[in-house]
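K.L.:
Quick one: structure below, then a few questions.
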Amino acid sequence: MKKFLCVLLSTLMTISGLVYVNAADPVYGDSNNDGIVDILDVSCVLDKVLTDKTMPVEENPDYMEYVDLNKDGVINTADVAEILQMVLDSNYIPDGVPVTESTTEITTGETTEITTETTTEETTTETTTEETTEPVTGTRNWNMSNSEFVRLGSSITSDVTVNGLELNATSGKPMAMFAEDVTIDGVTYRSALNLSGSGNTDYRSVAFDVEGLTKIEIAIKSSGTTERTLNIATENGEILTTLAARATGEKYTFEVDYTGKLYIYSAGSGISIYEITVEGAIPSEGTTVTETTTETTTFNGDTSDGVVVSNFDDLKREIAKKNNKIYVQGTIMCTERLRLTNLNANTEIYGLTNDDGTAAILDFSPLRDSLTSSGSGGTGISMGGSHYTFRNIIIQNAGDCGIRISGDGSGYSTFENCVFRYNNNSGVSVTNGGSHNTFRFVDSYRNGDLVQKNGADADGFSVKLNAGSENKFYNCRAWENSDDGWDSYDRGTLYIGSVYYEECLAWNNGNPYVFTGEYDYENGYALDKNLLYVQAILENYPDFEEEYNAHTVTSWPRVTVRLLGTSNTYENIHSENWAGNPNGFKFGSAETPSSSYRYIKNCIAFDHFNTPNQKPAKGFDQNNGYALYDIENALSFNNGQNYWMDRMSALSATGVFYSFKSGQEDAPGDLVLTTPDSAKQAELESTVYAYRDMIYDYVYNDMIPGEQICDVF
């Protein structure tokens with residue numbers, strides 16, 4: 001047998017070639033540590049398996065880190081197959097296989113009912129009128145550390161105006177918001193607008209109107225080690241003055257005597273702008289100022305600027321291209337991982353809405369159900385590239401994470417009006433260098449590794465294990481996942497960079513009753529036939545749905561759930577073995593240093609209940625980490641413990657921090673908590689639960705909630 005395998009491996013070596021990767025970084029699958037993943041690694045691991053049968057990973061930590069690809073605790077033939085697939089797969093880019101916290105990250109899958117889509121576009125316009133006669137003298141200030149700029153995300157690819165400051169960019173000449181802790185003239189900044197290269201009045205510039213003699217103060221810094229030139233120019237391109245952007249940072253004050261639009265842009269390479277203050281006449285904008293906001297959770301606009309796809313082969317072909325706009329129509333059943341490998345892809349993926357308002361869906365159940373073991377090969381969307389945009393789409397039923405963003409240089413992408421659900425690991429995973437990603441109006445729910453790891457690792461949003469910096473969440477919701485809502489678990493360097501949470505909510509994560517269907521039954525919700533356990537019940541008890549709907553179930557069926565080469569039982573789920581780790585917002589781990597940073601504003605955590613693996617379950621959880629943070633307003637109630645923040649250090653804490661119905665005394669650290677009276681508690685609960693039920697109504701009807709602010713502060 002061994003002789004046959006050696007001949008087979010020798011043959012494979014002659015036809016497959018070598019897969020080259022960056023030897024300076026950890027290389028998953030590189031069992032002989034030579035910096036490449038090739039057939040020699042397959043041979044090496046296979047020899048180990050044949051010699052030791054299955055080797056527990058604790059006997060060899062290096063193998064655990066790089067060779068136990070499916071993270072099941074042993075080195076076996078499943079790992080050999082995964083490495084061999086890497087070698088044979090010409091599209092292979094290292095995925096950054098997830099390493100787990102105290103248990104592992106794996107999966108729960110569920111098949112769902114599917115719908116199709118088309119489109120509708122809703123636009124609301126608010127118009128106010130200002131009558132002006134003479135220019136008003138005053139001061140305008142734009143600080144890039146403020147949330148209205150931070151929420152723009154990592155890549156600005158089109159013109160946008162923020163509080164009167166115009167940011168000019170194109171998809172081919174983008175700008176970016178970066179996290180940069182810099183102190184200039186005694187002022188500390190945490191974010192910068194980076195011009196990302198040379199510009200002009202059309203792109204990579206900022207602009208504002210001036211009228212007559214105007215005093216301008218600007219804080220800037222070169223993005224590199226050399227001095228760079230910043231131009232101050234008129235709208236016809238005449239340069240009025242230039243400034244030297246140095247690597248150490250500089251604040252300049254100067255005057256211009258000009259009426260019209262003033263442009264600021266780099267004459268060459270990237271320059272970071274931290275703050276602009278303008279003092280002088282505020283020009284009249286005419287008699288009418290119009291502010292337009294567009295709800296884009298549904299879309300039926302002109303698709304002539306891109307290509308419409310309705311099957312997986314077309315989607316796979318189009319997504320391999322750069323500078324592409326793809327419109328996804330209907331439900332696409334995905335039989336393989338969708339690999340996003342292009343750097344600077346500038347590719348947009350839009351979901352078209354059906355006539356009945358339901359959303360476009362990428363369903364990975366065909367891939368999941370074809371697998372005989374768990375691991376990163378079951379990931380739905382694998383992003384090793386950068387600069388992608390997803391809008392108005394549902395991603396579901398992957399055998400591993402819904403999307404995994406991993407690798408140096410990966411990310412720099414935007415996800416807006418998306419839903420990640422019923423995946424067998426985290427809905428969203430950002431790890432191993434993935435950075436500068438922006439999530440706006442995204443729901444991640446009922447993702448769970450029920451079968452493989454009894455709920456141990458599937459988070460709503462997982463930004464952990466060497467994830468990069470500048471990952472931002474605005475008005476996102478993480479709920480009823482088998483592990484945490486948000487997880488930012490650190491282990492080993494590099495440590496996770498800055499993470500931003502604004503207008504975000506987390507609730508009822510880590511609850512095993514969700515995944516058996518009992519939670520829905522006890523609370524009067526419809527039967528969720530996308531849950532694996534419920535599917536197993538329906539296979540064994542055909543009358544169950546009728547009894548459920550009539551609310552006449554006398555005892556919950558005990559069935560065995562099978563998926564991805566393994567199984568789980570009701571008795572195991574309802575035992576001390578349940579490994580779900582229910583926290584709302586987990587901000588780090590014992591290894592998270594004070595150099596890490598979190599930004600928290602208007603966030604809410606509720607209904608996290610104690611489990612065998614988490615006592616107490618927490619709403620806002622430092623998890624023994626020491627990250628620095630800024631926080632403005634928070635609400636936490638009905639958790640095992642509402643706040644555990646005493647090791648973290650608040651750079652600022654403003655607003656109100658509500659806490660009530662905490663199972664264990666809070667450890668708020670720098671926060672001063674407010675316990676509202678009973679009337680206020682009832683008001684807050686009523687508002688939050690009504691909001692939760694509204695979100696349910698959207699997603700259980702295959703619609704996308706989009707931006708929905710829970711206004712309690």
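The values are calculated or read from the model by the stated rules, or taken from the named source; none is laboratory data. These numbers come from a predicted model, not from an experiment. All Cβ positions, glycine included, derive from the backbone under ideal geometry; neighbour counts span all protein chains shown. Protein only, heavy atoms only, side chains kept; ligands, DNA and RNA dropped before computing areas. Shrake-Rupley method; radii C 1.70, N 1.55, O 1.52, S 1.80 Å.
Listed here are the residues, each with its yes/no results for (1) touching a strand residue (DSSP E or B) at 6+ places or on another chain (Cβ under 6 Å); (2) closer than 26 Å to GLY497 by Cα; (3) modelled with pLDDT of 90 or more.
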{"residue": "ASN146", "(1), (2), (3)": "no, yes, no"}
{"residue": "LEU152", "(1), (2), (3)": "yes, yes, no"}
{"residue": "ILE156", "(1), (2), (3)": "yes, yes, no"}
{"residue": "GLY199", "(1), (2), (3)": "yes, no, yes"}
{"residue": "SER205", "(1), (2), (3)": "yes, no, yes"}
{"residue": "LYS215", "(1), (2), (3)": "yes, no, yes"}
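K.L.:
Would the range 588-610 turn up any residue that is over 30 Å from TYR501 (Cβ atoms), outside any strand (DSSP E or B) and in contact (Cβ under 8 Å) with a residue 12 or more places away in the chain?
P.N.:
Scanning the range 588-610 turns up no residue that is over 30 Å from TYR501 (Cβ atoms), outside any strand (DSSP E or B) and in contact (Cβ under 8 Å) with a residue 12 or more places away in the chain.
K.L.:
Would you be able to say whether some residue in the range 140-158 is among the polar types (S, T, N, Q), surrounded by fewer than 19 Cβ atoms within 10 Å (Cβ to Cβ), touching a helix residue (DSSP H, G or I) at 6+ places or on another chain (Cβ under 8 Å) and part of a strand (DSSP E or B)?
P.N.:
Yes, the range 140-158 contains at least one residue that is among the polar types (S, T, N, Q), surrounded by fewer than 19 Cβ atoms within 10 Å (Cβ to Cβ), touching a helix residue (DSSP H, G or I) at 6+ places or on another chain (Cβ under 8 Å) and part of a strand (DSSP E or B).
K.L.:
I need every pair where a residue in the range 324-340 that is in contact (Cβ under 8 Å) with a residue 24 or more places away in the chain has its Cβ under 9 Å from the Cβ of a residue that is among the basic types (Lys, Arg) and surrounded by fewer than 21 Cβ atoms within 10 Å (Cβ to Cβ), sequence separation at least 6 or different chains.
P.N.:
Hits for this filter: CYS334/LYS316; GLU336/LYS316; LEU338/LYS316; ARG339/LYS316.
K.L.:
Now a separate question. Identify, from the list SER410, SER488, SER382, the residue that is out of contact with any Phe, Trp or Tyr (no Cβ under 7 Å at 6 or more places or on another chain) and closer than 28 Å to GLN622 by Cβ.
P.N.:
Result: SER410 is the single residue among SER410, SER488, SER382 that is out of contact with any Phe, Trp or Tyr (no Cβ under 7 Å at 6 or more places or on another chain) and closer than 28 Å to GLN622 by Cβ.
Here is a yes/no grid of residues against (1) assigned to a strand (DSSP E or B); (2) within 16 Å of ARG140 (Cβ to Cβ); (3) at pLDDT below 95:
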position	(1), (2), (3)
THR226	no, no, yes
GLY237	no, no, yes
ALA244	yes, no, yes
TYR258	yes, yes, yes
ILE264	yes, yes, no
GLY268	no, no, yes
THR277	yes, yes, yes
ALA281	yes, yes, yes
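K.L.:
Would you please list the contacts, defined by Cβ atoms under 9 Å and residues six or more apart or on different chains, that run from a residue in the range 694-713 that is hydroxyl-bearing (Ser, Thr, Tyr) to a residue that is open to solvent by 20 Å² or more (accessible area, probe 1.4 Å)?
P.N.:
Partner pairs satisfying both residue conditions: TYR696/TYR525; TYR698/THR297; TYR698/GLN708; TYR700/TYR525; TYR700/ALA526.
K.L.:
Return the total of residues in the range 405-434 being open to solvent by 10 Å² or more (accessible area, probe 1.4 Å) and of a type in the set (Gly, Ala, Ser).
P.N.:
Qualifying residue count, the range 405-434: 3.
K.L.:
Taking into account only those residues within the range 649-673 that are in a loop (DSSP other than H, G, I, E, B) and open to solvent by less than 60 Å² (accessible area, probe 1.4 Å), which is nearest to ASN639 (Cα to Cα)?
P.N.:
Among residues in the range 649-673 that are in a loop (DSSP other than H, G, I, E, B) and open to solvent by less than 60 Å² (accessible area, probe 1.4 Å), the one nearest to ASN639 (Cα to Cα) is SER662.
K.L.:
Please verify whether the range 482-501 includes one or more residues that are assigned to a helix (DSSP H, G or I) and either modelled with pLDDT of 95 or more or surrounded by fewer than 24 Cβ atoms within 10 Å (Cβ to Cβ) (or both).
P.N.:
No, the range 482-501 contains no residue that is assigned to a helix (DSSP H, G or I) and either modelled with pLDDT of 95 or more or surrounded by fewer than 24 Cβ atoms within 10 Å (Cβ to Cβ) (or both).
K.L.:
Could you run through the range 190-204 and say how many residues are open to solvent by less than 50 Å² (accessible area, probe 1.4 Å) and over 18 Å from LYS472 (Cβ atoms)?
P.N.:
The number of residues fulfilling the criteria is 6.
K.L.:
A further question follows. Can you spot a residue in the range 241-248 that is over 21 Å from GLU166 (Cβ atoms), crowded, with 18+ Cβ neighbours inside 10 Å, under 34 Å from the mean Cα position of the chain (by Cα) and not small (Gly, Ala, Ser)?
P.N.:
no
K.L.:
A follow-up question, please. So in the range 356-402, with the set limited to residues that are out of contact with any Leu (no Cβ under 9 Å at 6 or more places or on another chain) and in a strand (DSSP E or B), which one is most open to solvent (accessible area, probe 1.4 Å)?
P.N.:
By that ranking, first place goes to ARG391.
K.L.:
On the given criteria, is TYR626 assigned to a strand (DSSP E or B), of a type in the set (Phe, Trp, Tyr), modelled with pLDDT of 95 or more and buried (at least 16 other Cβ atoms within 10 Å of the Cβ)?
P.N.:
No: the conditions fail for TYR626.
K.L.:
If I filter the range 451-469 for residues that are of a type in the set (A, V, I, L, M), in contact with a strand residue (DSSP E or B) (Cβ under 9 Å, 6 or more places away or on another chain), at pLDDT 95 or above and closer than 26 Å to THR335 by Cβ, do I get at least one hit?
P.N.:
Yes, the range 451-469 contains a residue that is of a type in the set (A, V, I, L, M), in contact with a strand residue (DSSP E or B) (Cβ under 9 Å, 6 or more places away or on another chain), at pLDDT 95 or above and closer than 26 Å to THR335 by Cβ.
K.L.:
Can you confirm whether the range 558-574 contains a residue that is over 29 Å from PHE364 (Cα atoms) and free of Cβ contacts under 8 Å to residues at least 40 places away in the same chain?
P.N.:
No, the range 558-574 contains no residue that is over 29 Å from PHE364 (Cα atoms) and free of Cβ contacts under 8 Å to residues at least 40 places away in the same chain.
K.L.:
Testing LEU684 on (1) surrounded by 16 or more Cβ atoms within 10 Å (Cβ to Cβ); (2) free of Cβ contacts under 8 Å to residues at least 12 places away in the same chain, one condition comes back false. Which one is that?
P.N.:
Unmet condition: (2).
K.L.:
For the structure I just gave you, tell me whether TYR513 is in contact with a helix residue (DSSP H, G or I) (Cβ under 9 Å, 6 or more places away or on another chain), open to solvent by 10 Å² or more (accessible area, probe 1.4 Å), within 20 Å of ASN481 (Cβ to Cβ) and free of Cβ contacts under 8 Å to residues at least 40 places away in the same chain.
P.N.:
Criteria met by TYR513.
K.L.:
Output the number of residues of the range 406-448 satisfying the condition of being assigned to a strand (DSSP E or B) and not aliphatic (A, V, I, L, M).
P.N.:
Residues that pass the stated criteria total 18.
K.L.:
Among the numbered criteria (1) more than 30 Å from ASP181 (Cα to Cα); (2) modelled with pLDDT of 95 or more, which single criterion is violated by PRO542?
P.N.:
Among (1) more than 30 Å from ASP181 (Cα to Cα); (2) modelled with pLDDT of 95 or more, PRO542 violates only (2).
K.L.:
So which of TYR548, TYR519 ends up being closer than 30 Å to LYS464 by Cβ, aromatic (Phe, Trp, Tyr) and not in a loop (DSSP other than H, G, I, E, B)?
P.N.:
Within the list TYR548, TYR519, the selection yields TYR519.
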